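K.L.:
Shown below is the structure under consideration.
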Amino acid sequence: MTKITKEEVKKVAHLARLELNENEINNHATQLEKILEYIKQLEKIDTADVPCTTRAIEVVNVFRKDEQKNSECLEELLELGPSREDQYYKVPKIIDE
């Protein structure tokens, strides 16, 4: 196992803008060594026949059918707006011709 030095941990902590005390530096060095050892174990696994994935669980969007429906409360909804013209909301003009 490759030994992670205190200087390497200090350098990474500095780059990450972390302030670590001596105990934390030693603890992180030990933990990083264990992580690198685990990665070495994972590298030994044959993944040639494993398809690439982006997620552990496939996510599928569920859409409802896009159907036109007549609203039964059109008048009530139009009354909620500040101003209306016929069956539409009236809004201030924002583009000059």
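The values are calculated or read from the model by the stated rules, or taken from the named source; none is laboratory data. This one's a predicted model, so the numbers in the text were calculated from it and none came from an experiment. As a convention, Cβ positions derive from the backbone with ideal geometry for all residues, glycine included, and neighbour counts pool all protein chains shown.
K.L.:
Identify the residue in the range 1-29 that is among the aliphatic types (A, V, I, L, M) and surrounded by 11 or more Cβ atoms within 10 Å (Cβ to Cβ) and, among all such residues, is modelled with the lowest pLDDT.
P.N.:
Initial filter on the range 1-29 (among the aliphatic types (A, V, I, L, M)): 1, 4, 9, 12-13, 15-16, 18, 20, 25, 29.
Keeping just the survivors that are surrounded by 11 or more Cβ atoms within 10 Å (Cβ to Cβ) gives 4, 9, 12-13, 18, 20, 25, 29.
Values: 4: 90, 9: 94, 12: 93, 13: 95, 18: 94, 20: 95, 25: 95, 29: 94.
Selected residue: 4.
K.L.:
Could you tell me whether the range 53-60 includes any residue that is farther than 30 Å from residue 91 by Cα, of a type in the set (Gly, Ala, Ser) and out of contact with any helix residue (DSSP H, G or I) (no Cβ under 9 Å at 6 or more places or on another chain)? Please lay out each step first, then the result.
P.N.:
From the range 53-60, those farther than 30 Å from residue 91 by Cα are 53-60; that's our starting set.
The next check asks that each one be of a type in the set (Gly, Ala, Ser); those that pass are 56.
Imposing the further condition that a residue be out of contact with any helix residue (DSSP H, G or I) (no Cβ under 9 Å at 6 or more places or on another chain) reduces the set to 56.
Within the range 53-60, one or more residues are farther than 30 Å from residue 91 by Cα, of a type in the set (Gly, Ala, Ser) and out of contact with any helix residue (DSSP H, G or I) (no Cβ under 9 Å at 6 or more places or on another chain).
K.L.:
When you check residue 32 against the structure, is it over 26 Å from the mean Cα position of the chain (by Cα), assigned to a helix (DSSP H, G or I) and either farther than 30 Å from residue 3 by Cβ or modelled with pLDDT under 95 (or both), yes or no?
P.N.:
When the stated conditions are applied, residue 32 does not pass them.
K.L.:
Filter the range 64-97 for residues that are basic (Lys, Arg) and surrounded by 10 or more Cβ atoms within 10 Å (Cβ to Cβ) and give the result. Show your work before the answer.
P.N.:
Step one: list which residues in the range 64-97 are basic (Lys, Arg), which gives 64-65, 69, 84, 90, 93.
Passing the criteria: 84, 90.
K.L.:
Exactly one condition in (1) surrounded by 13 or more Cβ atoms within 10 Å (Cβ to Cβ); (2) of a type outside the set (Lys, Arg); (3) in a helix (DSSP H, G or I) is not met by residue 41; state its number.
P.N.:
(1)
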